[in-house]
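> Starting off with a structure, shown below.
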Amino acid sequence: MTTKEALYKYVLRLGDDSLILGQRLSELCGHGPILEEDIATTNISLDLIGQATLFLEYAGSLSNEFKTNDELAFLRLEKDYLNVLLVEQPNGHFGDTIMRQFLFDAFRLPLLTKLQDSKDNTLSSIAEKALKETKYHLRHSSEWVVRLGDGTEESHHKIQESLNTLYRYSHELFFVDEADVLLQQEAIIPELDDIKSQWSQTIKDVLEMATLSLPTNNWKFEGGRMGRHSEHMGYLLAEMQYMQRTYPNMEW
Amino acid sequence: MTIEKKNWPLWEVFIRGKQGLNHKHVGSLRASDSVMAIKNARDVYTRRAEGISIWVVPSNMISASDPCDEESLFEPSQSKVYRHPTFYDVPDGISHM
């Protein structure tokens, strides 16, 4: 595997995480629990889709066939998407949406912080731009985890259930294969040790304030990074890809 | 339960457009406390880069003039055109006057 091939895979993985989570959040447009939150989640969705645009544009330039970001976003088959399983999980109730976001944001913040030092200039400049947005996303999601966890008996119970269900998907955020190792050796992407300990600390601090506790089982689900997705992914793609597949090459 | 009890408290939102300008009232929103009110104001009222600073004030803290007093409060000033600084030439390059 060449550096270029490894970088293509890595950038695609980051781009797909942003794209699929952005798509999930966009489903809430007009369906938020209150007007203010409806706008907040849609803002975050647009931030993520913006990040996906940058990542996929860069990935496209690295691919052998020079694909456009639209082609990458809308015309791949399910097995060619490399996002983690966490981001494709359904919105569920508001606690599920917030918990999924929190687990993701707590990872993205330290990752993007380190990616700013990447030897790859494009990657570092995308990271720099995305970091500002992600700081706000994490603030938003962690405040809500605390409000719901330390809220009423019902909200505490519900978001604890969300944590119990979603935590098993969070391990895949730290997935490493030969592409990652190659890029780490060339100082293009950071090692994950520091990022993992920062992630764990954020999770610990926020859950403590929220009076929530980590599930005691040690279940770990993965597959998305290798293109093996949960049953939810096909439905998501069917909706997301509809326009490009029905009206090929249409532009906004 | 009354409708008031079901809703979060109402907040008035003030945004400073840029350095040197006043905070201006832009609207209102609901939030359970001031932290949430500022966060919501950021999302609802500064999406298109409208501001650099946000104030939120509980709506029930605002005292308002009585519309019935409109005549006595505001009409007397209408005939006093000399209170406007319109008899001066504003030098070039001075904005916000």
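> Open to solvent by 50 Å² or more (accessible area, probe 1.4 Å), over 17 Å from A:F104 (Cα atoms) and hydrophobic (A, V, I, L, M, F, W, C): is that true of A:M243 in this structure? Let's see the steps before the verdict.
Working: open to solvent by 50 Å² or more (accessible area, probe 1.4 Å): yes; over 17 Å from A:F104 (Cα atoms): yes; hydrophobic (A, V, I, L, M, F, W, C): yes.
Yes, satisfied.
> Continuing with the same structure: May I ask you to say which residue of A:E27, A:E5 is surrounded by fewer than 17 Cβ atoms within 10 Å (Cβ to Cβ), over 27 Å from B:W8 (Cα atoms) and away from chain B (no Cβ under 14 Å)? Walk me through it before giving the result.
Details: A:E27 fails: over 27 Å from B:W8 (Cα atoms).
Going through A:E27, A:E5 in turn, the sole match is A:E5.
> Also, quick follow-up: Of all residues in segment A:10-68, which are farther than 17 Å from A:A127 by Cα, touching a residue at least 40 places away in the same chain (Cβ under 8 Å) and among the charged types (D, E, K, R)?
Matches in segment A:10-68: A:R24, A:E27, A:E37.
> Identify the residue in segment B:1-24 that is modelled with pLDDT of 90 or more and of a type in the set (V, I, T) and, among all such residues, is nearest to B:S53 (Cα to Cα).
Here the answer is B:I15.
> As an exercise: evaluate A:L123 against (1) away from every other protein chain (no Cβ under 13 Å); (2) under 18 Å from A:K196 (Cβ atoms); (3) among the aliphatic types (A, V, I, L, M) and give the number of the one condition it does not meet.
Going through (1) away from every other protein chain (no Cβ under 13 Å); (2) under 18 Å from A:K196 (Cβ atoms); (3) among the aliphatic types (A, V, I, L, M) one by one, A:L123 breaks only (2).
> Next up: Go through (1) open to solvent by 70 Å² or more (accessible area, probe 1.4 Å); (2) without any contact (Cβ under 8 Å) to a residue 12 or more places away in the chain one by one and return the number of the condition B:R42 breaks.
(2)
> Does B:V90 satisfy the criteria of being within 14 Å of chain A (Cβ to nearest Cβ), surrounded by 10 or more Cβ atoms within 10 Å (Cβ to Cβ), on the phi < 0 side of the Ramachandran plot and of a type in the set (A, V, I, L, M)?
Working: within 14 Å of chain A (Cβ to nearest Cβ): no; surrounded by 10 or more Cβ atoms within 10 Å (Cβ to Cβ): yes; on the phi < 0 side of the Ramachandran plot: yes; of a type in the set (A, V, I, L, M): yes.
No, not satisfied.
> Does B:R83 satisfy being farther than 27 Å from B:G27 by Cα and of a type in the set (K, R)?
Working: farther than 27 Å from B:G27 by Cα: yes; of a type in the set (K, R): yes.
Spelling it out, B:R83 is indeed farther than 27 Å from B:G27 by Cα and of a type in the set (K, R).
> Right, next: Of all residues in segment A:181-196, which are touching a Lys or Arg at 6+ places or on another chain (Cβ under 6 Å), of a type in the set (A, V, I, L, M) and at negative phi?
Within segment A:181-196, the first condition is being touching a Lys or Arg at 6+ places or on another chain (Cβ under 6 Å), and the residues that meet it are A:187-188, A:190.
Keeping just the survivors that are of a type in the set (A, V, I, L, M) gives A:187-188.
A:I188 - this is the single residue of segment A:181-196 that is touching a Lys or Arg at 6+ places or on another chain (Cβ under 6 Å), of a type in the set (A, V, I, L, M) and at negative phi.
> Also: State which residue is nearest to A:T97 (Cα to Cα) when the search covers only segment A:137-163 and only residues that are under 16 Å from the mean Cα position of the chain (by Cα) and crowded, with 17+ Cβ neighbours inside 10 Å. Write out each step before concluding.
From segment A:137-163, those under 16 Å from the mean Cα position of the chain (by Cα) are A:137-142; that's our starting set.
Subset that is crowded, with 17+ Cβ neighbours inside 10 Å: A:137-138, A:140-142.
Numbers: A:H137: 13, A:L138: 13, A:H140: 12, A:S141: 9, A:S142: 12 Å.
Result: A:S141.
> Is it the case that B:G27 is on the phi > 0 side of the Ramachandran plot and surrounded by 10 or more Cβ atoms within 10 Å (Cβ to Cβ)? Spell out the reasoning first.
Values: on the phi > 0 side of the Ramachandran plot: yes; surrounded by 10 or more Cβ atoms within 10 Å (Cβ to Cβ): yes.
In short, yes.
> Would you confirm whether any residue within segment A:199-208 is touching a residue at least 12 places away in the same chain (Cβ under 8 Å) and open to solvent by 30 Å² or more (accessible area, probe 1.4 Å)?
Checking segment A:199-208: at least one residue is touching a residue at least 12 places away in the same chain (Cβ under 8 Å) and open to solvent by 30 Å² or more (accessible area, probe 1.4 Å).
> Among helices (runs of 4 or more DSSP H) lying entirely in segment A:1-102, which contain 3 or more residues that are out of contact with any Leu (no Cβ under 9 Å at 6 or more places or on another chain) and not hydrophobic (A, V, I, L, M, F, W, C)?
On the way: elements: A:3-26, A:35-62, A:69-74, A:85-88.
The qualifying helices (runs of 4 or more DSSP H) are A:35-62.
> Got a sec? Which of A:L173, A:L166, A:L182 is in a helix (DSSP H, G or I), of a type in the set (A, V, I, L, M, F, W, C), open to solvent by 30 Å² or more (accessible area, probe 1.4 Å) and touching a residue at least 60 places away in the same chain (Cβ under 8 Å)? Before you say what the answer is, go through the steps one by one.
Details: A:L173 fails: open to solvent by 30 Å² or more (accessible area, probe 1.4 Å); A:L166 fails: open to solvent by 30 Å² or more (accessible area, probe 1.4 Å).
After applying the criteria, what remains is A:L182.
> Can I ask one more? Which of the residues that make up segment A:98-136 are open to solvent by 10 Å² or more (accessible area, probe 1.4 Å) and under 20 Å from A:Y169 (Cα atoms)?
A:L109
> Taking the options A:E71, A:E65, A:E78, name whichever one is open to solvent by 60 Å² or more (accessible area, probe 1.4 Å) and under 17 Å from the mean Cα position of the chain (by Cα). Step through it out loud before you land on a result.
Numbers: A:E71 fails: under 17 Å from the mean Cα position of the chain (by Cα); A:E65 fails: under 17 Å from the mean Cα position of the chain (by Cα).
Within the list A:E71, A:E65, A:E78, the selection yields A:E78.
> Of the residues that sit in segment A:41-57 and are surrounded by 22 or more Cβ atoms within 10 Å (Cβ to Cβ) and out of contact with any His (no Cβ under 6 Å at 6 or more places or on another chain), which one is nearest to the other protein chains (Cβ to nearest Cβ)? Walk me through it before giving the result.
Taking segment A:41-57 first, the residues surrounded by 22 or more Cβ atoms within 10 Å (Cβ to Cβ) are A:41, A:44, A:48, A:51-52, A:55-56.
Then keep just the ones that are out of contact with any His (no Cβ under 6 Å at 6 or more places or on another chain); that gives A:41, A:48, A:51-52, A:55-56.
On the way: A:T41: 9, A:L48: 15, A:Q51: 17, A:A52: 19, A:F55: 23, A:L56: 24 Å.
Ranking the qualifying residues of segment A:41-57, first place goes to A:T41.
> Another question about this same structure. Of A:E172, A:E186, A:E154, A:E161, which residue is acidic (D, E) and under 18 Å from A:E222 (Cα atoms)? I'd like the intermediate steps shown before the answer.
Working: A:E186 fails: under 18 Å from A:E222 (Cα atoms); A:E154 fails: under 18 Å from A:E222 (Cα atoms); A:E161 fails: under 18 Å from A:E222 (Cα atoms).
Answer to the check: A:E172.
> Here is a list of conditions, (1) within 14 Å of chain A (Cβ to nearest Cβ); (2) over 26 Å from A:Y136 (Cα atoms); (3) open to solvent by less than 60 Å² (accessible area, probe 1.4 Å), and B:K80 meets all of them except one; can you say which number that is?
For B:K80, the exception is condition (1).
> Same structure again: Mind checking whether some residue in segment B:74-96 is aliphatic (A, V, I, L, M) and within 14 Å of the chain's Cα centre (by Cα)?
Taking segment B:74-96 as the starting set, the residues that turn out to be aliphatic (A, V, I, L, M) are B:81, B:90, B:94.
Of the ones still in play, those that are also within 14 Å of the chain's Cα centre (by Cα) are none.
Scanning segment B:74-96 turns up no residue that is aliphatic (A, V, I, L, M) and within 14 Å of the chain's Cα centre (by Cα).
The values are calculated or read from the model by the stated rules, or taken from the named source; none is laboratory data. This structure is a prediction, so every number in the text was calculated from the model and none was measured. Glycine gets a Cβ as well: all are built from the backbone with ideal geometry, and neighbour counts include every protein chain shown. For the accessible areas, the whole protein counts, side chains as well, though only heavy atoms, and no ligand, DNA or RNA atoms are used. Shrake-Rupley method; radii C 1.70, N 1.55, O 1.52, S 1.80 Å.
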